[in-house]
Ligand SMILES: [Zn+2]
């Protein structure tokens, strides 16, 4: 009898340990915050999107709200680290899948901010989960200083979406880059809303900018490395990949391959280890081919 009681106790104890481990594991899986530099953190709610926040003496600056769920979890994480108020939420660009969730920050009295081009689009195209930013900025560069930290906002032109902003923390030589670079993955599907030529121009400009580490809004690096971002090598590899697709297309045309057969023929085994190579490479080739065929799109004057 005594033995049975002991066995039951051990069984319950073991079960509790397992439950606890399971809980810890699922928590880690559902969201994650990592310190990447002094007072700078990378955050994901494990939805394939990464945000960044900076804690200054006078408050917190957050980049990329993503969604209400993502933002609420991020605010909870920030409050675990600091009791300083969240002063700014900065949007990278217009697209709903990045710019949603802003209301979470408006509700706690933060200033939400987007480039004027993104702002105008967001106003004209309200998303289900998207709040119109409280403020907008204009031009190619803006600086925000809060406490002892300065963050630079750079608009590099019509590369992807509208008002695409690259953020630089000069003191940390650290950047936050949305959608323009996704390490370890081919281009996104049909490469939606990218002006390829302008994009390549922006990639060149990024390489000249003063940072040596970047947090990318999407990152397919494995072994838990994605949240730590990457560096300029990721940008160089991407530039090379676009050039290799284009060179491959012209090579097939030279051989006499009918243009619309090229997406099904062209292979670039050098990039086979990249995520979505099998699924998306043909779509990527279609997009570059159409760009070469039709000319750059989307496009508008004065850009
Ligand atoms: Zn986008």
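The values are calculated or read from the model by the stated rules, or taken from the named source; none is laboratory data. Note that the structure is a prediction, hence the values are computed from the model and not measured. Note: ideal-geometry Cβ built from the backbone for every residue, glycine included; neighbour counts use all protein chains shown.
So here's what we get for this one:
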| read-out | value |
| --- | --- |
| Any hit, region 153-160, residues being in contact (Cβ under 8 Å) with a residue 24 or more places away in the chain, closer than 23 Å to residue 71 by Cβ and surrounded by 20 or more Cβ atoms within 10 Å (Cβ to Cβ) | yes |
| Single residue of region 24-68 satisfying the filter (in contact with a helix residue (DSSP H, G or I) (Cβ under 9 Å, 6 or more places away or on another chain) and part of a helix (DSSP H, G or I)) that is modelled with the lowest pLDDT | 30 |
| Complete set of residues in region 166-180 that are away from the ligand (no atom under 12 Å from the Cβ) and either in contact (Cβ under 8 Å) with a residue 40 or more places away in the chain or closer than 22 Å to residue 278 by Cβ (or both) | 166, 167, 168, 169, 170, 172, 173, 174, 175, 176 |
| So residue 242, is it within 16 Å of the ligand (Cβ to nearest atom) and modelled with pLDDT of 95 or more | no |
| Residue check for residue 188: surrounded by fewer than 23 Cβ atoms within 10 Å (Cβ to Cβ), within 12 Å of the ligand (Cβ to nearest atom), at pLDDT 95 or above and closer than 21 Å to residue 230 by Cβ | yes |
| Hey, residue 195 under 30 Å from residue 268 (Cα atoms), surrounded by fewer than 23 Cβ atoms within 10 Å (Cβ to Cβ) and within 13 Å of the ligand (Cβ to nearest atom) or not | yes |
| Subset of region 57-74 that is at negative phi and surrounded by fewer than 20 Cβ atoms within 10 Å (Cβ to Cβ) - its residue that is farthest from the ligand (Cβ to nearest atom) | 57 |
| Restricting region 97-109 to residues that are more than 13 Å from the chain's Cα centre (by Cα) and either part of a helix (DSSP H, G or I) or more than 15 Å from residue 63 (Cβ to Cβ) (or both), the residue that is nearest to the ligand (Cβ to nearest atom) | 102 |
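Table: residues versus (1) away from the ligand (no atom under 16 Å from the Cβ); (2) surrounded by 20 or more Cβ atoms within 10 Å (Cβ to Cβ); (3) on the phi < 0 side of the Ramachandran plot.
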{"site": "118", "(1), (2), (3)": "no, yes, yes"}
{"site": "130", "(1), (2), (3)": "no, yes, yes"}
{"site": "144", "(1), (2), (3)": "yes, no, yes"}
{"site": "147", "(1), (2), (3)": "yes, no, no"}
{"site": "150", "(1), (2), (3)": "yes, no, yes"}
